[in-house]
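Contents: one structure, followed by commentary.
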Amino acid sequence: MRRALVALIAAALAAAVLPAASMAAPVAVASKHMEWVAGLPTLTGSSMGFFEREVDGAVRRYAAVGVMGYGVELVDITDPSSPTTVGRHISPGVSYHTDVHVNTARDILVMNVDRVPLTNVGLSVNQGLGPGVEFVDIADLSAPETLGVVPGLEGPHKLALIGDDHVYTTLPTYIIDYTDAEQPENLGYAEPFLCGHGISVDPTDPTIAYVAGCQPRNFYVVDVSDPARPRIRSEHQDVDIQTPHDAIVTADSSVLAISDLRGDYFNTQCPGGGIHFFDIGGDHIVGASPDNPRKLGTWFAPYTGARNDPNASDPHGSCTLHGFQLNPERLLLTSSNYMAGGWLVDVAAQTAPEGFYEEYRAEPGTGLGPTSWANTMGNWLSPGDLSFYLRWAPFDDPVYERTVFSISPTQGFEVLRYTGPLPEKISDLTVERSAPDGAVSGRLGRYPLLTDQGRTSKPLAGEQVSVSSGGTTVEAATDAAGRFVADLSLGSGSHQVEVTWEGDEDFRAESRTATVVSP
Amino acid sequence: MKRIITAATACLALLVGSGAQAHETVVLPTEIVALDAAVADGAVAVSGDVAFGGQTIQDLGSDAAGDHTGGAATSPLGVDLTGAQIHWPDPDRDELLFEIRVAELPPAPLDGTPETLQYNWDFTVDGTTSWSLKIMRTRVSATQADSAYGALFECVPSDSGFSCSEQVRLSEVEFRPDDGVVRAGVSLAQMGAKRGSVVSSWDRTGSGALWTGASAGGQQTLIATYDAMSGHASYTVPLGRSVVVGIAPSGEEVEPAHLAVLDADDLFTAQLDLPSEAGTYTVAAEACFADNCATGTVDVEVAP
């Protein structure tokens, strides 16, 4: 066994020093509204993170691709049709399920070296060479340098960056303070009930994190205002979620999505688990909030396997929902369903009676049968795929609007293009609670996108908003910072105000109702 | 407030419990400190002063020792539940004490040793609101030690499950190593209860209303229920303090039934009908807070 282990590690390292090779376009086993653009088949991996750099006055974009076995490949994706490896980090450990994140503000790559699931022996390399979390300086892409390693974390499965200086591991959850990345400190376990597979921070309120629990049905809302001392503030149970896997919130913090790894890796009946949606913003159900999530419905991939029979085991193996991600500016998600491939789903509304996957409605209980929320927009299934993650690259460039990046232990790194209808973007319209001198103010901006300075909310300047209260409406223009001021000459006291923006060709119309106080 | 429940006054306390499960949670007895009766204005005027003790411990249910997961190996972790109790120990505070009995208390986590155990007690109040009481010894995460942690989560059912949100952090949480009791004080207001409210068990997890959850295998990759009580008797919040008085010829049994007027300082007064026949009479008063009662008697002469 040990000899085999060494051989596997050697093979992995050998692969690492070879240039990544591109490949010919595969013929999809199944696809709709998606096409294959490019691929680096040797980058067989499990996760990726993104970052941006200004190089010689030009903006360049990169993916840090977690590669099974040896570490991370840094891939230039400025031209998504021609991804090119520009750097490589050989981790001192080896990993089955490398989870890679980029702290863009600090130019630090954070990656795990995880435990190999005993049940997956044969698919992966047993590590034992340094399980833990590794912090890598990627200021020089051609020569990444390890800053520090925290060992002894029982093989962290996934990571979540909490603020700029802390990272949480999962299964189990340790808290690592890497304020000094050269001497990162293990703060120990989080409280025991902060137990789950996936942790993510609320995109508009960084003091809140969501955790897909490690018990069937459970998920949690956690106060991370002090990242070193997370505290569960509410726990939730949904009887339909068999194996909570990831908990992710839409860019506007309106909807919480919990995925279900139903049946785990060995589930062979498609579609397996789905994604369960909860209103946490009150947009759909009055009273819904992060601590009072209200179920909107569930989406399942409309795919019933090679035999087209949801009740039959598929000869190709794993079929359940592994990873998903939400678009930075659209209510659009990507879903990775192992051998069922990758999917694009519009999560803005309940499932329409007719849609692009209408053909699956002909067979009750197959795919669309149990789906009640969201609408499938497209899919891609490469031959032999074992889709782990599809990712949007959250850059401010139209070239990425229809581009998704796929990572798979079998297909490697792939670039796919969505060709179907693109939902409008959502915008961040906020209203100040205080209305000095009777004037209502606020801001119209975009939800954060990734820049070389980290995630940045860019303004929507020069737009007209309508501000109404008590029968009076005032038009106001947004300035260069996206700010607007509308003098409604409000009297002293509280006032109900409605601010609307009609949107434009890219953004949907938005409206906010708020209570403002004029002194 | 006439007395403060302290260790110094414990010698006055009732030792309550049942059989082998008795422990040393103390409840002071109710005492009638003063009782007077006199004939005046065609009636028997009764007055007095009461020091009310708290409600005695109400055993709501028991759970067999040793029936937890892991047997002798896990018992020292504090997972083996043996009973559930509630009582109202101090009449001057609108606070119930929830007590969980365990075979052994969990050890205090050492530096670097994660705490793995949480006690959960899920209950409803008047069948309308649902609550989850959570207690941990320190809520420690290795180097970060807190004092004992207790919190009350309110749970709201939904079509497909429920949501429990922390409503209040409890200040009175105690682990009593001498008698194997974990307890937390919850005010009536915090749990939305009032006098006369009924606290009932609630099995929200499907495994029991009172349960010990812990990370399994020391890796915190699974939260497992190690022991659970499937249910327990309902508990009714006491209505409060009361004093009843009665009168009977000396030598006969008095059945106090006339409700006295009780003021905020626990001084009471009552007017009893003047007996038609002259003689010596016994006036009796019974003062109760819940089931903690005291009686006192005093003689009064009724002139011809």
Subject >> Principal semi-axes in Å for the stretch A:166-212 [√(5λ), Cα gyration tensor, largest first] >> reply: 19, 15, 8
**OP:** Starting at the first residue of the stretch B:157-163, write each ³J(HN,Hα) from the Karplus equation 6.51 cos²θ - 1.76 cosθ + 1.60 with θ = phi - 60°, in whole Hz, x for Gly and Pro.
**Re:** x, 10, 4, 10, x, 7, 10
Original post:
For B:160-171, what's the mean count of beta carbons from other chains sitting within 10 Å of each residue's beta carbon?
Top reply: 6
**OP:** Post the alpha-carbon centroid distance, the stretch A:280-310 to the stretch B:31-63, in whole angstrom.
**Re:** 60 Å
Subject >> Ratio Rg/Rh [Cα only; Rh per Kirkwood] for the protein assembly as shown >> reply: 1.09
Subject >> Cut-off under 5 Å, modelled amide H: who pairs with A:Y447 long-range >> reply: A:D428
Original post:
Whole-Hz Karplus ³J(HN,Hα) for the stretch A:62-68, in order, using 6.51 cos²θ - 1.76 cosθ + 1.60 and θ = phi - 60°, x for Gly and Pro?
Top reply: 9, 10, 9, 9, x, 10, 4
Original post:
What are the residues whose amide H is under 5 Å from the amide H of A:Q269, where those residues sit 5 or more places off or on another chain and H is modelled from the backbone?
Top reply: A:D314, A:C319
**OP:** Within 10 Å of each Cβ in peptide A:62-72, how many partner chain Cβ atoms are there on average? Round it to a whole number, please.
**Re:** 0
Original post:
Tally Lys and Arg at +1 and Asp and Glu at -1 over the other residues with C-beta under 10 Å from the C-beta of A:I275: what net charge comes out?
Top reply: -2
Original post:
How much net charge surrounds A:L321 when only the other residues with a Cβ under 12 Å from the Cβ of A:L321 are counted, with Lys and Arg +1 and Asp and Glu -1?
Top reply: -2
Original post:
Amide H to amide H, which residues 5 or more places from A:S234 or on other chains are under 5 Å from it, using H placed in the peptide plane?
Top reply: A:V221, B:E166
Subject >> Per residue Cα convex hull volume in Å³ - calculated over the stretch B:54-96 >> reply: 79 Å³
Original post:
Which is the longest part of chain A that has none of the GluC sites (Glu not before Pro) sitting in a DSSP loop with at most 10 other Cβ atoms within 10 Å?
Top reply: A:1-181
Original post:
DSSP loop trypsin sites (Lys or Arg not before Pro) in the stretch A:146-236 with at most 16 other Cβ atoms within 10 Å of their Cβ, which ones?
Top reply: none
Original post:
So what J values fall out for the stretch A:371-379 if you push phi through Karplus, 6.51 cos²θ - 1.76 cosθ + 1.60 with θ = phi - 60°, rounded to Hz, Gly and Pro as x?
Top reply: 6, 10, 10, 5, 10, 5, 10, x, 7
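Coordinate-derived values only; no laboratory data. Quantities reported herein were computed from a predicted structural model and do not represent experimental measurements. Counting neighbours? That spans all protein chains shown, and the Cβs are built from the backbone with ideal geometry, glycine included.
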